[in-house]
1. If we count every other residue with Cβ under 12 angstrom of residue 102's Cβ, Lys/Arg +1 and Asp/Glu -1, where does the sum land?
2. In the Gaussian network model of the chain, springs joining C-alpha atoms below 10 Å, which of 140, 131, 106 carries the largest mean-square fluctuation?
3. Mind listing the phi-derived Karplus ³J(HN,Hα) values for region 141-147, rounded to whole Hz, using 6.51, -1.76 and 1.60 with θ = phi - 60°, and x for any glycine or proline?
4. Is it possible to state the helix-based mean residue ellipticity at 222 nm for the chain, with each DSSP H run of 4+ residues giving -39500 (n - 2.57), the sum divided by total residues, to the nearest 500 deg cm²/dmol? What is it?
5. Mind giving me the nanometre distance, one decimal, between the label points for residue 132 and residue 118, set 7 Å out from Cα along Cα→Cβ?
6. In a Gaussian network model over the chain where Cα atoms closer than 10 Å are linked, find which of 146, 85, 105 has the largest mean-square fluctuation.
7. Go through 20, 154, 61 and say which Cα lies farthest out towards the positive end of the charge dipole of the chain; charges sit on Cβ, +1 for Lys and Arg, -1 for Asp and Glu.
Amino acid sequence: MRKEKIHQLIIAKLQDDLAVAQQAANTAHETATHTESVAENKYDTFGLEASYLAEGQSRRVRELELALASYQNTPPKCFTDQDEVSVFALVTLEAEDGSERRLFVGPEAAGFKFLLDEQEVLVITRHSPIGMKLMGKMVGDVVVLVAAGQEKEFEIVELE
């Protein structure tokens, strides 16, 4: 099933990103707490900067853990052409010129791209500008999106 494949691709990507983020957070924490990071004078900000970096990296780890849990704890949902777009929908949009775009509405991990049947799929969330325009729409509905700085009409031609 394609939805299972999508689900597993996203989970694998999040696991990889989490491993990298955890390593970065550990390295940043070690740097921030190292004895050489203690300020030697009031203008020495290396330790302070390292602590900000460590905090930011730790925040990224928490975000990735939450994103990963949201995919692992929710099975993929199948949609039909009679359903409305919601979280876990794979949406195929067609522009007036016949070109197609595929979007996956995920609970998290917006911006991640992957190939499905040799076509690029972009993960968006319901809170993104595109996601907000798509939520509740059905096959046959037209949405206006900004593409390359211009407004373009796209018809929802498939929902999985």
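1. Local charge sum for residue 102: -4.
2. Of 140, 131, 106, the most mobile in the Gaussian network model is 140.
3. 6, 10, 10, 9, 10, 8, 10
4. Roughly -14000 deg cm²/dmol at 222 nm, from the helical runs in the chain.
5. In this crude spin-label approximation the distance works out to 3.8 nm.
6. Highest fluctuation of the listed residues: 146.
7. 61
Bear in mind that the values in this text are calculations on the coordinates, not laboratory data. The structure presented is a predicted model; accordingly, all values stated were derived computationally and were not measured. No Cβ is skipped: glycine too gets one built from the backbone with ideal geometry, and neighbour counts run over all protein chains shown.
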